[in-house]
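Down below is the structure, laid out as structure tokens.
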Amino acid sequence: MAIKIYNTLSRSKEEFKPLTPGKVGIYTCGITAYDYCHIGHARSAVVFDVITRYFRYRGYDVKYVKNFTDVDDKIIEKAQTLGTSIGEITEKFIAEHDRDMEALGVMKPTVSPRATENIDGMIELIKKLLDKNLAYVVDGDVYFAVDNFPCYGKLSGRSLEEMMAGARVEVNVRKKNPLDFALWKASKEGEPSWESPWGRGRPGWHIECSVMSQRFLGETFDIHGGGEDLIFPHHENEIAQSEGATGKPLARYWVHNGFVRVKSEKMSKSLGNIVTIRDILERYHPEVLRLFIISSHYRSPIDFSPEALSEARMGMERLYNTLKSIKDALSEDTYEEESQLELTEEDRNLLEKLDHIRESFIEAMDDDFNTARALGFLFDTARSVNSYIGKVSKPCTASQRNVLKRCQSLFQELGQIFGIFNEDPDDYFRKDREREAKHRNIDLNEIEKLLEERHQARLKKDWVKADEIRQKLLEKGITLKDTPKGTEWGFV
């Protein structure tokens, strides 16, 4: 089955046909390096990480380019406010970005270019636009002339008149059309600048991505991605300046992830509801955040809240509990040799279901990377495996061990596409408890001490004391589950 992608440009799902068989070129717009990354950045990063992982799973050689904007009005403003250089600002927040992405398990892009490393290319592209009468110079500034590019608005699906009616554009009497955008900005005192044919200055935001994407992927490449908020004006302007200069399509497929709302409100600094990745990971395991993000289709808006993350945590616990059950069953010292590999009907039924689940998972991902539907098949796997383990003999037979290994392998195979199941189950639960204990200001040593006291009370059949300790732990938000292998605990 072919992969189908919703193309923002055509407003429809299209069968993916790469420019070069077996290869995929992807470009996504990275951060403007002036602040810590937030949940919106996490969503875009995880979405395109999963898309990249899936293409590789399907056998494609992927070249993934994600840039850093390291010269911009916001960076300059922050540097001036703090009395430091833009270099110090950008180095700090690029490092913080990389730290967040590593913690989230986001694979490094093939190339991570910086705007300031590509100034010469931007100047050359602007020269081409001037030669084609698609740009004009005013006092050292260079603007793109949207009226001279007939296809302007094709990505956002709006005419110039509609864009004018709904636009919030800076009033500038020097522009021929209020929608004309800056390709080059004349330098101001105290701002970074470079020499150009129009005097010292710096590039506009949009020209940066055109140059970096084409430098590393060619004048036309497969997929251009980013958040829905970038469709207009950023990606619209990229198309205008790139295609205006080359006469060729910039990207064949435009892929955009939906917005993140915080408690049903749009995330913005003015509302004070920006939630950073580093703050989230103080309390939640990174795989919980990934699960929260992939639980919705990438084009749908998602509502971020503590309740939503708690639900994702419970989902991650269910999946890791299944992995732990498999691990425990396989860790038995002995198993019955005499049965060899003879499969029972129960074994065959589960193996057939695993094959069906893999096929269904791939079918869901082929349909515009439907992670929400694909994730459902992982939970189906967990339910089937848990039911099977409940019937496994003690010790398990050789055939049962092989079936369980197949289950374990399928979880790892499909989990790698989502970037989850990277932990040993026991390590996952330990790290998750440590985060939550720190958040609640609970001493884990005290918990372990109470659990040992309760264990000793149970050995002495002092049920009153055991129940008192259980209640004391419950008051701290800790639940207990007594199993044949000992007492398991977790947070409410």
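The values are calculated or read from the model by the stated rules, or taken from the named source; none is laboratory data. Please read all numbers here as calculations on a predicted model, not as lab measurements. All Cβ positions, even for glycine, are placed from backbone atoms using ideal geometry, and neighbour counts span all protein chains on display. All accessible areas refer to the heavy atoms of the entire protein, side chains included, with ligands and DNA or RNA removed. Shrake-Rupley method; radii C 1.70, N 1.55, O 1.52, S 1.80 Å.
Pairwise over distinct Cα atoms, reciprocal of the mean inverse distance: report the Kirkwood radius of segment 386-492 in Å, one decimal place.
Values: mean 1/r = 0.0602 Å⁻¹.
Its Kirkwood hydrodynamic radius stands at 16.6 Å.
On average, how much accessible surface per residue is there in the chain, in Å², for a 1.4 Å probe, leaving out ligands, DNA and RNA?
Numbers: 23330 Å² over 492 residues.
The answer is 47 Å² per residue.
Please give, to one decimal in nm, the separation of the simple spin-label points placed at residue 406 and residue 447, each 7 Å out from Cα toward the Cβ.
3.7 nm
Note down the nm distance, to one decimal, between modelled labels 7 Å out along Cα→Cβ at residue 387 and at residue 159.
5.8 nm
Could you compute the net charge surrounding residue 201? Neighbours are other residues with a C-beta less than 12 Å from the C-beta of residue 201; K and R count +1, D and E count -1. Walk me through the numbers before you get to the answer.
Numbers: positive: 185, 188, 200, 202; negative: 139, 141, 191, 195.
Summing Lys and Arg as +1 and Asp and Glu as -1 gives 0.
Please determine, in degrees from 0 to 90 and to the nearest 10, the orientation of helix 73-82 with respect to the longest principal axis defined by the Cα atoms of the chain, where the helix direction is its Cα long axis.
Tilt of helix 73-82: around 80 degrees.
Output wanted: per-residue J couplings in Hz (rounded whole) for segment 387-397, from phi through Karplus 6.51 cos²θ - 1.76 cosθ + 1.60, θ = phi - 60°, x for Gly and Pro.
Listing the rounded values in order: 5, 5, 4, x, 10, 5, 6, 10, x, 6, 7 Hz.
Given a 1.4 angstrom probe, I'd like the percentage of the accessible area of the chain that is carbon and sulfur, rounded to a whole number. Mind showing how you got there, number by number?
Details: 11210 of 23330 Å².
Solvent-exposed carbon and sulfur of the chain make up 48 percent of the total.
Over the Cα atoms of the chain, compute the convex hull volume and normalise it per residue, giving Å³. Could the numbers behind the result be given before it?
On the way: hull volume 82.6 nm³, N = 492.
Looking at the chain, the number lands at 168 Å³ per residue.
Could you tell me which of the pairs 4/128; 128/185; 108/353; 13/269; 263/438; 4/92 are separated by over 28 angstrom between their Cα atoms in the structure shown? Could you put the intermediate results ahead of the total?
Numbers: 4/128 35 Å; 128/185 17 Å; 108/353 34 Å; 13/269 34 Å; 263/438 24 Å; 4/92 39 Å.
Going by Cα-Cα distance, 4/128; 108/353; 13/269; 4/92 fall outside the 28 Å limit.
May I ask you to compute the full-extension gain from residue 117 to residue 269, defined as 0.36 nm times their residue separation minus their alpha-carbon distance, rounded to one decimal in nm?
Values: separation 152, 0.36 × 152 = 54.72 nm, distance 2.97 nm.
Gain in length upon complete extension: 51.8 nm.
Two decimals is fine: what's Rg over Rh for segment 257-338, C-alpha atoms, Kirkwood radius as Rh?
Details: Rg = 18.2 Å, Rh = 15.0 Å.
Looking at segment 257-338, the ratio lands at 1.21.
Compute the distribution of all C-alpha to C-alpha distances in segment 317-464, in bins of 10 Å from 0, and list the percent of pairs in each, rounded to whole numbers.
Per 10 Å bin, starting at 0, the Cα pair percentages come out as 10, 30, 28, 21, 10, 1.
Which parts of segment 268-282 would a label at residue 77 reach, counting a residue when its backbone N lies under 17 Å from a point 7 Å out along Cα-to-Cβ?
Counting backbone N atoms under 17 Å from the label point, the list is 268-274.
Evaluate the distance, in nm, between pseudo-label points positioned 7 Å from the Cα of residue 492 and of residue 20 along their respective Cα→Cβ axes.
According to this spin-label approximation, the distance is 5.9 nm.
Grab the beta carbon distance between residue 346 and residue 373, set R0 = 22 Å, and tell me the FRET efficiency rounded to 0.05. If you can, show how the numbers build up before the last one.
Details: r = 27 Å, r/R0 = 1.25.
Computed FRET efficiency for residue 346 and residue 373: 0.20.
Considering just Cα atoms, how many Å³ per residue does the convex hull of segment 213-315 enclose? Walk me through the numbers on the way to the answer.
Values: hull volume 13.4 nm³, N = 103.
Hull volume normalised by residue count: 130 Å³.
For the chain, what is the mean residue ellipticity at 222 nm derived from helices alone (per DSSP H run of n ≥ 4: -39500 (n - 2.57); sum divided by total residues; nearest 500 deg cm²/dmol)?
Details: 16 runs with 240 residues, N = 492.
Estimated from H runs of four or more residues: -16000 deg cm²/dmol.
From the C-alpha coordinates alone, can you work out the Kirkwood hydrodynamic radius of segment 1-157, in Å?
Values: mean 1/r = 0.0539 Å⁻¹.
In segment 1-157 this quantity evaluates to 18.5 Å.
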